[in-house]
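Below is one structure, written out as structure tokens; comments come after it.
The values are calculated or read from the model by the stated rules, or taken from the named source; none is laboratory data. Only a predicted model underlies this, so the values are computations on that prediction, with no experimental measurement involved. So basically every Cβ, Gly included, is an ideal-geometry build from the backbone, and we count neighbours across all protein chains shown. Ligands, DNA and RNA are excluded from the accessible area calculation, which covers all protein heavy atoms including side chains. Shrake-Rupley method; radii C 1.70, N 1.55, O 1.52, S 1.80 Å.
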Amino acid sequence: MPESRQGEAISLEVGVTVAGARTFYLESYGCQMNFSDSEIVASILAGEGYRSAAQPDEADLLLLNTCSIREKAEETIRRRLREFRALKKRRPTLQVGILGCMAERLKNQWLEQEKLVDLVVGPDAYRDLPRLLQHLGEGQRAVNVLLSREETYSDIAPLRLDSNGVSAFVSIMRGCDNMCSFCVVPFTRGRERSRDVCTILDEVKGLADGGYREVTLLGQNVDSYRWAPDDGGVISDFADLLERVAQAAPSMRIRFSTSHPKDLTEKVLHTMARHDNICNYIHLPCQSGSSRILELMNRTYDRNWYLSKVDEIRTILPDCAISSDIIAGFCTETEEDHADTLSLMRYADFCMSYMFCYSERPGTLAARKFADDVPEEVKKRRLSEIIALQNELSLSHNRRDVGTVAEVLVEGRSRRSDERMRGRNLQNKMVVFEDVSACKPGDCVRVQIEEATSATLMGRLIP
Ligand code: 5AD
Ligand code: SF4
């Protein structure tokens, strides 16, 4: 999942306005899919006449869209709930709702153990919010955590939140059938299902008409996208979808995430090669570089398969940047396994990685079958070695760009300095440059790259 980023606490406030209505305050945590779901929730609430509050103490209803991916993510939510408890003491009519993956994982336990929580809604049950809110209005507590095999919210127009008006996310599928042994997602988000091609194309065209310049197609595993029309017509796979999106929105940059190495096909790579507006960037989580650990993780590929995927990408798309997710200290991981991860990182030459210590999640295959036996300090040390190597790789990647010209889609002012603009190149690298007056968000400009750090390219605008 891109890239907000998974399991990290990024909060988001929502803005919709309907006069004289009840108010809600919504905060989102976790992956981009969760943020995308919050746009669906906001749209449904606006339809019910709710308006948003900028601060929790201005709202009648506080909502947390939660993440369960690692224990730390859940702890963050519990801390936030403790802050909400203080608010509720002062204002007993305040209602609190838990949405998303933690709602799904803990279900009724919320109501049994946590007096504060009035509403619990899983990721596939947002369409039921109007009925659940009615229950709340009648003074009852309400729960819906049913998972669905069909729900894709394809007919609900997301209310674009926190948007820079330049890039947007479009969900193309939900759920995951992969059953990686460490992962809670199949339990919290249910079975894989794909969204109707036509509604995706309509949404993308709507964004292009609204002036957006970049779209990221989102799914837990985009490469297993598969849509069969009811009339028995031609089945679309992910490469077909990419092709159609690229053609339908020639003025937009197209990105996608996340890819599973076992499902990323040559057809997708050739589709990327054919279209200049599909960005040369693939997020291809390896998780580990050791074949033995990959097998325990149930990733269904081994080290050599992953490395040959990297070779295939480099052959078909020589300029393609590859990023990864890496877990340190999975069950039984030895120093030799860890060394395999470091050497795979070097071979794949990741431009960027999201890196984590293994966190055992209740109910997962790994929690049931294996002991979480790598000591915490060993996990941390291995993680810091992985991070140090990634910084080295990112820096040398970026240094290679010095002296080249980057095509940059401008996103806004630099976060560090108002005198500079920031944007991303085709490989998703952050580029910062001066000359604020010469361009605006949404412009595509050329920047001569002059300096690089491990995180950023810096340069000069070419008039
Ligand atoms: N512990 C640590 N990291 C995890 N991830 C998923 N589950 C766990 C876990 N139990 C990581 C994986 C995945 C990313 C979204 O989060 O690397 O790709
Ligand atoms: Fe996203 Fe849920 Fe996974 Fe967290 S647990 S990363 S919110 S799918």
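Structural remarks
- Figure legend. Inter-residue proximity from segment 69-97: first residues under 19 Å from residue 354 (Cβ atoms), second residues buried (at least 21 other Cβ atoms within 10 Å of the Cβ) and of a type in the set (Val, Ile, Thr), beta-carbon distance below 8 Å, spacing 6+ or different chains. Indicated pairs: 69/184; 69/185; 73/66; 74/66.
- Search result, residues across segment 155-174 that are in a loop (DSSP other than H, G, I, E, B) and not aliphatic (A, V, I, L, M): 155, 158, 160, 162, 163, 164, 165
- Restricted to segment 25-73, and to residues there that are surrounded by 24 or more Cβ atoms within 10 Å (Cβ to Cβ) and assigned to a strand (DSSP E or B), the residue that is farthest from ligand 2 (Cβ to nearest atom) is 62.
- Boolean, residue 193 is over 20 Å from residue 285 (Cα atoms), of a type in the set (D, E, K, R) and within 16 Å of ligand 2 (Cβ to nearest atom): yes
- Of all residues in segment 155-169 being out of contact with any Gly (no Cβ under 9 Å at 6 or more places or on another chain) and closer than 19 Å to residue 254 by Cα, the one that is surrounded by the fewest Cβ atoms within 10 Å (Cβ to Cβ): 163
- All of (1) in a loop (DSSP other than H, G, I, E, B); (2) in contact with a strand residue (DSSP E or B) (Cβ under 9 Å, 6 or more places away or on another chain) hold for residue 203 with one exception: (1).
- Residues within segment 205-222 that are open to solvent by less than 20 Å² (accessible area, probe 1.4 Å) and closer than 30 Å to residue 98 by Cα, tallied: 8
For every residue, the table says whether it meets (1) within 16 Å of ligand 2 (Cβ to nearest atom); (2) open to solvent by 10 Å² or more (accessible area, probe 1.4 Å); (3) not hydroxyl-bearing (Ser, Thr, Tyr).
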site	(1), (2), (3)
273	no, yes, yes
303	no, yes, yes
321	no, no, yes
325	yes, yes, yes
350	no, no, yes
356	yes, yes, yes
359	yes, yes, no
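Per-residue answers, yes or no, for (1) outside the structural domain of residue 322 (by TED's automatic domain parsing); (2) basic (Lys, Arg); (3) open to solvent by 60 Å² or more (accessible area, probe 1.4 Å):
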residue: 415; (1), (2), (3): yes, yes, yes
residue: 420; (1), (2), (3): yes, yes, yes
residue: 429; (1), (2), (3): yes, yes, no
residue: 440; (1), (2), (3): yes, yes, yes
residue: 444; (1), (2), (3): yes, no, yes
residue: 451; (1), (2), (3): yes, no, yes
residue: 456; (1), (2), (3): yes, no, no
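- First in segment 53-64 and free of Cβ contacts under 8 Å to residues at least 40 places away in the same chain and within 10 Å of residue 26 (Cα to Cα), second anywhere and surrounded by 20 or more Cβ atoms within 10 Å (Cβ to Cβ) and of a type in the set (Ser, Thr, Tyr), Cβ under 6 Å, 6 or more apart: 53/25; 56/25; 59/25; 62/25
Residue-by-condition table, conditions (1) of a type in the set (A, V, I, L, M); (2) in a strand (DSSP E or B):
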| position | (1), (2) |
| --- | --- |
| 368 | no, no |
| 373 | no, no |
| 395 | yes, no |
| 403 | no, no |
| 409 | yes, yes |
| 423 | no, yes |
| 427 | no, no |
| 432 | yes, yes |
| 451 | no, yes |
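- Residue 132 being touching a strand residue (DSSP E or B) at 6+ places or on another chain (Cβ under 8 Å) and in the same structural domain as residue 113 (by TED's automatic domain parsing): yes
- Set side by side, the residues 343, 288 differ, and just one is crowded, with 22+ Cβ neighbours inside 10 Å and at pLDDT 95 or above, which is 288.
- The listed residue being within 16 Å of ligand 1 (Cβ to nearest atom), open to solvent by 50 Å² or more (accessible area, probe 1.4 Å) and not charged (D, E, K, R), out of 371, 367: 371
- Here segment 96-114 is the region considered, the condition is being out of contact with any helix residue (DSSP H, G or I) (no Cβ under 9 Å at 6 or more places or on another chain) and on the phi < 0 side of the Ramachandran plot, and the residue that is least open to solvent (accessible area, probe 1.4 Å) is 111.
- Some residue of segment 201-215 being more than 16 Å from ligand 2 (Cβ to nearest atom) and touching a Cys at 6+ places or on another chain (Cβ under 8 Å): yes
- Of the criteria (1) of a type in the set (Gly, Ala, Ser); (2) in a loop (DSSP other than H, G, I, E, B); (3) surrounded by 15 or more Cβ atoms within 10 Å (Cβ to Cβ), which one residue 239 fails: (2)
- When residues in segment 242-263 are screened for being open to solvent by 50 Å² or more (accessible area, probe 1.4 Å) and touching a Leu at 6+ places or on another chain (Cβ under 9 Å), 1 of them pass.
- Test: residue 12 is within 16 Å of ligand 2 (Cβ to nearest atom) and modelled with pLDDT under 95: yes
- With respect to the conditions (1) among the polar types (S, T, N, Q); (2) within 16 Å of ligand 1 (Cβ to nearest atom); (3) surrounded by fewer than 13 Cβ atoms within 10 Å (Cβ to Cβ), residue 390 falls short on a single one, namely (3).
- Condition broken by residue 357, with the remaining ones in (1) under 20 Å from residue 425 (Cβ atoms); (2) within 25 Å of the chain's Cα centre (by Cα) satisfied: (1)
- If the condition is being under 28 Å from the mean Cα position of the chain (by Cα) and more than 16 Å from ligand 2 (Cβ to nearest atom), then segment 74-94 contributes 79, 81, 82, 83, 84.
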